[in-house]
Structure formats: C-alpha cells, structure tokens
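If you scroll down you'll find the structure; I have some questions about it.
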Amino acid sequence: MTYLFEDDSHAALRASAKRFAEAHIAPHARAWEEAGLFPRELYSKLAEAGLHGASYPEAHGGGGGDLGHGLVIAEELILAGKSVGTVVGLGSHGIALPPILAAGTAAQRARFVPRVVSGELIAALAITEPGAGSDVAGLRTTARRDGEHYVVDGTKTFITSGTRADLVTVAVRTGGPGHAGVSMLVVERGTPGFTVGKKLDKMGWWASDTAELVFEGCRVPASNLIGDENLGFLLIMQNFATERIFLAGNCVAIAELAYREARAYVRSREAFGKPLAAFQVVRHKLADMASRIAAARALTGEVVTRHLRGEPVPALAAMAKNTATDMCSFVCDQAVQLFGGAGYMRESVVERLYRDARLYPIGGGTREIMNEIICKVEGY
Amino acid sequence: MKILVPLKRVADPDNANKIKIPAGGATIDTTGLEWKPNPFDEYALEAALRLTENGATPKTRGGEVIVVTFGPKECETTLRAALATGADRAIRVDAKDDELDGSIVAKALRAIVDKEKPDAVVMGKQAVDGDSNQIGQMLAQHLGWPQATFAATIEEEDGALLVGREVDGGVITLRVKLPALVTVDLRIVAPTSVYSKQTKRDFKYNDGVRFAALPAIMAAKKKPLAELKLAELVSDTALKVQYSRFEAPPSRKAGIKVKDVAELVTRLKNEAKVI
C-alpha cells in the first residue's frame, strides 16, 4: 500500500529508489550491517540517481520536492535495500540541513546545502549530550563569543553519521540556563578543537555509524551561527516535528519489510505436513500485522499532509511517532516469532529488523517525551 | 537522429502471486496487478537516449526520442516515466489489451513510422510477459528496412548503425543503413555499449538504465503526449493470435531426500523420466 498523499511523482521516485536499492544496497546489506559501516561513495551514487536531496529546493541542488517525496524514497530504500542502518546513515542530512534551510542566511545555505545534496559532504545533527537527552533545555555544551568566533566546549553523544560528518549542526549554549540560552552552530570537520571521541556500538542500525563528538576550545567562525543567538530552541523543536514524521515513516517501512519477509516465509516453511500459512493462527497473526501497519501508515500520511498544508503538527507528529513505533515493535516481534528459530539467527532479515525497531521509541524524542508533548498541546 | 521507441508495460513479476485465472481459463484477471515497463524496452530507451546525446552532457538532447505505447489511459504512467528520463514526446495508442496482438501492433507501428519518419526504431527484443519476440522483425518487414536484432552494442556512423549481436560462439557485427530497426538485448546498457557520433570513445556510462530526478519527473508532466485511436492506424483489427486457454503452472511439490546416488539415478529414470 502507498500513502494517500502520493501522486505520479512519488510513484516514479519509488520505482527509482527500488531499482537503486536492489542494485546498490541489497547485495551488500548483510556485509555492511556486520561491518558497521557502508562505503562513503554510496552518498554520491544516491545523489547521482536524484535520490539524495529530492525534498530540498532546486536552487540548492535538490529535487524541489517535499517531505512526502523524502519519505517514500526512504521507504523504498528500506524495503528493497533491507539495511535500515544504511538508509538512516544516508539520511542524516534530513535532520542536519533543515535548520540551515529554515533560518540560515543565503550565504550559509549556498555554502553548506549543495555539497551535502551532491553527496560530497556528510552532514549530522548534534543535540544529545552525556548529561542531556530528552531534557534539551538542559544542554551544557557552551559557545562563548570571542571576537569573530565562538569558542565551543562540551561533548555530544549518539550522533548519527558522527564519525564521518563533514559538517555538524550543533546545539550549544550561548546564553543563560534553560531553553532561552540555546543557539545552533555549524561546526566543520577540521576545525581545531573538534574531534570524534569514539564510534559507539549499538543494538541495531549497525551499518550507520554513531559517535561521540568532543569540542575543546573549538573556535568556530561566528558566521556559522544559524539564525539569531539564543533563539535556537525553537529551531530545534521545529526540526523535531519533521524528524518524528520521518521516524514514523521509517517504522512503517521497517514493519512492511518484516511483514513481507514473514509472509513469504510462512508460505514456504512447512510444519506438520503443510505450509505454516495453512494454519489459521498464522494467517491471523499476519492479518493483525497488516492491519496495524495500515493504521500507522494512515496516521503518518495524514500528518504529512497536514504539515505540507502548513498546519502546526507537533502533537500529531508525536502521536504518529508513538503509534508507528509501537506498531513496528509489535510487527517485528511477530515476524521473528513466525520465523521461529530462524528468526533468532543473524542470517534472517527479521532478526536485524527486530533490533533496528528498538531504536524508534527512544530516538528523536522518547515515547514518554512524545506523550508530554501531546499532554501540553491537549492542555492537561 | 530521430528515434522511435515502442514501450510496453508488463505485470510486475514481484507481484506475480496476485495473478488470478478465473474458472474456465478464458482470460487472466489483471485486477490488482502492479505494472512496470518491460525491462528490454527500458534498455531500448536508454540506448536511444545514448544515441541522441553526447554522453558527457546527457541533459542536452542532440536529436529526438519519441516513445509510443498501446493501451488504456493508465499506460501513460509508463510514457511519463520515459519522458522523465529524457524522451522528448510520447504517443499513446488507445486500446485494450485484448484488442492487441503482435501483428496488429506491428502494423500500427508501421503507420506511426510512416507519419513520424524516424531515422531508426529501437525496441526491446521481446516483452517479458508473452515473450513473443515478433514485433521488431514484423515491423522491419512491413517497412522494408534493414534490421539488427538482439543488439549488444550500437555505434552511430554517418548514415548507418554498426550493431554488435551476441551469437553462439562470438559477436557478429552488422552495418545497417538508416533508416533501420534495432531490437536490443540486456547488455546494451553496459558502460561502453552505445556510442553516438558526439560521444567520445573513451567515455563510460553508468551501468544500467539512467535514473530520473524529481525536477525531470515534474518537467515530464508538461512534455507533449498525443493520443491516437487504433482504428486510425490499422484497418484490419481482427486478431491473428487467439488465446484458447490459460492455466496456472502446477504448484511445486515438496522435495524428497534420496539416500544415495543409485536411488537418485533410479528415481530420475523411472519417476521423473528425465534420463
């Protein structure tokens, strides 16, 4: 099934993304997941196929599409490529660039965006710290103004694409405590004082690198400040809304893949003299999986449509994320169950998806934080 | 060079399990099937694009590529996809699938060639649904044009195409004078398979068919797409090929394990009757 918002342009991109993933991701999916990294050339290959920055403006080298185009490309890359880690690694620009596009100067957009869209540079977003995750307003990385520079000190962690990022959109404290003292700054690779602390080992998303980033007396040109000083919190929150829609879309894709894998398996696997699919209990499991996927897809599609219409969607995005992550965890768990022992083996795709799925109720704002947002918007 | 590329949509083999044959087997029920362009036709389009450009500047078309398909309105998706990858304009001949056979399509294509006067027709060697492998050859006959089938390489020359065909034991190279008809095989999309006169001989294409980016997909919506009626092109629309009955292949039986080679040979001889 596709999203209700899709038209011919989405269908064409789906076909391209499927073909790209079948040729360039699927044959290597297991190897890259086991190696914990995919080759850097994949960024430019994806860009050459017009699939890297489809949702960015054409003026900056993008495809001129919107969030919906990005969402369906990611879905097809996951479905046909079968390596969620690779797709989320490729997609880290999706959380790093929007603040620059939304609040950056023309010069900043021209300098940073096209080279990321072309696959030449890798972009990452750095918000979480060892001492501040969900509590964004409590972040402690400081950026002290010194003439034409900011001097950045602090540590960021769990940064997707962190080990290879050429530019990092970093949330820093430029003012007093709380959300009113937060700004966003672009820190470029090679800036003295900016180092990659270590590559982190994760439960899932293996093919995507995740790192700790360290800033020690790191002098960043003041011209790399995104938007106004101390107004970064709002940018972060706006960025979160689209990130959550994207994560919900990931969940729909992962669950769809787990469902397809399970459906194919129960048709071929025989027990007690007939295919597993001949047992009603197995078919009903599949029916439940399909139903929940359809429901989460419908809500995710609705929030995309409302967002594109210009409606504020923080609560609905949070609802979609929670609905989709719960659904995805359920579907992947059921898929592993249907595979039986084979589902517990690293050779099966569903084993990997089961681990990948566990990130989603945590990353991009935890399930609990989503509920807090919903409570605030609903007024209780 | 002006090139006509006929395209056909085929049922997506990834959804083959959705194919249903109603009782009696008179037809195939195509409801709910997903469609994709016939892969050999996509290769033909890629070859035509390569023949009408300098490989180093693929966005500038040094010639014209016209795509044509036969079918209902939904087939326009196939044409729009071709326009997005670089074809200049499209023609849809309105027809239902059960009104068509290879003979009718070949005759209708002849009428289109008479009207459009392309320098070449480049098409897939066959469609992967019926696997008939007829239309190219029939069309060349109707037109009285030289033909080169199953092309693995094409090189443009002055007034001719040099076509490499893979045959048993090697490659046979034909020089066909334009106008000519070429049907292509899968290796036509390898990096050094097709060269126009503008493309330098050391240029290497990406392997496979090119991708269309979103701006090209959007621009394709504005490219011209003409609709023709089948009856305008062919006077005799009686089908030459009649399908008598369809049936699904028998479902695969579970395999067995044999204890040794002797038993294997016995069973292959007596049960499977293959040796």
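Each reported figure results from applying straightforward, stated rules to the coordinates on display, with no laboratory input. Fair warning: this is a prediction, and the values are worked out from it, not measured in the lab. Virtual Cβ from ideal backbone geometry, glycine too; neighbours counted across all protein chains shown.
Say a site is exposed when it is one of the GluC sites (Glu not before Pro), sits in a DSSP loop, and has at most 13 other Cβ atoms within 10 Å; what is then the longest site-free stretch of chain B?
Working: sites that count: B:Glu34, B:Glu247, B:Glu271.
Counting only loop sites that pass the neighbour cut-off, the longest clear stretch is B:35-246.
For the pair A:Ser223 and B:Asp129, how long in nm is the line joining their label points, each one 7 Å along Cα→Cβ?
With each label placed 7 Å out from Cα toward Cβ, I get 5.9 nm.
For q values of 0.09, 0.14, 0.16 Å⁻¹, compute log₁₀ I(q)/I(0) with the Debye formula on a Cα-only model of segment B:2-270, without solvent.
Here log10 of I(q) over I(0) equals -0.47, -0.98, -1.22.
Another question about this same structure. Give me the percent of DSSP beta bridges within chain B that run antiparallel, rounded to the nearest 5. Walk me through the numbers on the way to the answer.
Values: 18 of 46 bridges.
Approximately 40 percent, going by the DSSP bridge assignments.
Moving on. Along the three principal axes, how long is segment B:169-275 when you take its alpha carbons, biggest first, rounded to the nearest angstrom?
64, 48, 38
Once you have a ≥ b ≥ c as the square roots of the Cα gyration tensor eigenvalues for segment B:114-165, tell me rounded if a/c is under 1.5, and otherwise prolate or oblate according to whether a/b is larger than b/c.
oblate
Among DSSP beta bridges lying fully in segment A:123-230, give the percent that are antiparallel, nearest 5.
Details: 29 of 34 bridges.
Among the beta bridges of segment A:123-230, antiparallel pairing accounts for roughly 85 percent.
Compute the Kirkwood hydrodynamic radius of segment A:267-380, taking the inverse of the mean of 1/r over all pairs of distinct Cα atoms, and give it in Å to one decimal.
It works out to 15.9 Å.
Report the Rg/Rh value for segment B:1-62, based on alpha-carbon coordinates and the Kirkwood definition of Rh. Write down the numbers at each step before the final one.
Values: Rg = 17.4 Å, Rh = 14.3 Å.
Expressed as Rg/Rh, it is 1.22.
What is the spread of the Cα atoms of segment A:123-230 along each of their three principal axes, largest first, in whole Å?
Taking the Cα atoms of segment A:123-230, the three principal extents are 41, 29, 21 Å.
Further question: Once every Cα of the protein assembly as shown carries one equal point scatterer and solvent is ignored, give the base-10 log of I(q)/I(0) from the Debye formula at q = 0.11 Å⁻¹, two decimals.
Here the Debye-derived log intensity ratios amount to -1.16.
Also, I was wondering about something else. As a test, work out the antiparallel percent of DSSP beta bridges whose residues both lie in the protein assembly as shown, rounded to the nearest 5.
In the protein assembly as shown, DSSP labels about 60 percent of beta bridges as antiparallel.
With each pseudo-label sitting 7 Å past Cα toward Cβ, what's the A:Leu308-B:Ala26 distance in nm, one decimal?
Between A:Leu308 and B:Ala26, the simple spin-label model gives 4.2 nm.
Within segment A:263-317, list the chymotrypsin sites (Phe, Trp or Tyr not before Pro) lying in a DSSP loop whose Cβ has at most 11 other Cβ atoms in a 10 Å radius. Spell out each step's value before the answer.
Details: sites: A:Tyr265, A:Phe272, A:Phe279; in loops: A:Phe272, A:Phe279.
Passing both the DSSP loop test and the Cβ count: A:Phe272.
When you look at the Cβ of every residue in A:45-56, what mean number of other chain Cβ atoms sits within 10 Å? Display every interim value, and only then the final one.
Numbers: counts 1, 1, 1, 4, 5, 9, 3, 1, 2, 4, 1, 1.
If you average over the peptide's residues, the count of other-chain Cβ atoms is 3.
Mean separation of Cα pairs under 8 Å and 6+ residues apart, divided by the residue count of chain A: what relative contact order is that in percent? Could the numbers behind the result be given before it?
Details: 718 pairs, mean separation 59.5, N = 380.
Normalised by residue count, the contact order of chain A is 16 percent.
Ok, one more. Which entries in the list A:Lys18/B:Lys20; B:Lys73/B:Lys229; A:Lys274/B:Lys253; A:Lys274/B:Lys273; B:Lys253/B:Lys273; B:Lys2/B:Lys197 go over 18 Å, if you measure between the two C-alpha atoms of each?
Working: A:Lys18/B:Lys20 25 Å; B:Lys73/B:Lys229 12 Å; A:Lys274/B:Lys253 11 Å; A:Lys274/B:Lys273 27 Å; B:Lys253/B:Lys273 16 Å; B:Lys2/B:Lys197 14 Å.
Exceeds cut-off: A:Lys18/B:Lys20; A:Lys274/B:Lys273.
A follow-up question, please. Specify whether the C-alpha gyration tensor of segment A:184-248 places it in the rounded, prolate or oblate class, a ≥ b ≥ c being the square roots of the eigenvalues: rounded for a/c under 1.5, otherwise prolate if a/b is larger than b/c and oblate if not.
Working: a/c = 3.00, a/b = 1.09, b/c = 2.74.
Taking the square roots of the gyration eigenvalues as a ≥ b ≥ c, segment A:184-248 is oblate.
On to the next question. List the Cys residues of chain A that have no partner Cys with a C-beta closer than 4.7 Å.
A:Cys218, A:Cys332, A:Cys375
Take chain A, compute every pairwise Cα distance, and split them into 10 Å bins from 0; I just need the percent in each bin.
Cα pair-distance distribution for chain A, in percent: 5, 24, 33, 25, 9, 3, 1, 0.
Still on this structure, please answer the following. Within segment B:50-116, report the trypsin sites (Lys or Arg not before Pro) that DSSP leaves as loop and that have at most 12 other Cβ atoms within 10 Å.
Numbers: sites: B:Arg50, B:Lys59, B:Arg61, B:Lys73, B:Arg80, B:Arg89, B:Arg92, B:Lys96, B:Lys107, B:Arg110, B:Lys115; in loops: B:Lys59, B:Arg61, B:Lys96.
Taking segment B:50-116 and a limit of 12 other Cβ atoms within 10 Å, the loop trypsin sites (Lys or Arg not before Pro) found are B:Lys59, B:Lys96.
Which residue fluctuates most in the GNM of chain A (Cα springs below 10 Å): A:Thr105, A:Thr128, A:Thr157?
Answer for the Gaussian network model of chain A: A:Thr105.
Return the Rg/Rh value of segment A:8-91, two decimal places, where both radii are evaluated on C-alpha atoms and Rh is the Kirkwood radius.
Expressed as Rg/Rh, it is 0.96.
Also, quick follow-up: List the trypsin sites (Lys or Arg not before Pro) within segment A:268-363 that fall in a DSSP loop (any state other than H, G, I, E or B) and whose Cβ has at most 14 other Cβ atoms within 10 Å. The partial results should precede the final answer.
Details: sites: A:Arg269, A:Arg283, A:Lys285, A:Arg292, A:Arg297, A:Arg306, A:Arg309, A:Lys321, A:Arg346, A:Arg352, A:Arg355, A:Arg358; in loops: A:Arg269, A:Arg309, A:Arg346, A:Arg358.
Sites meeting the loop and neighbour criteria: A:Arg309, A:Arg346.
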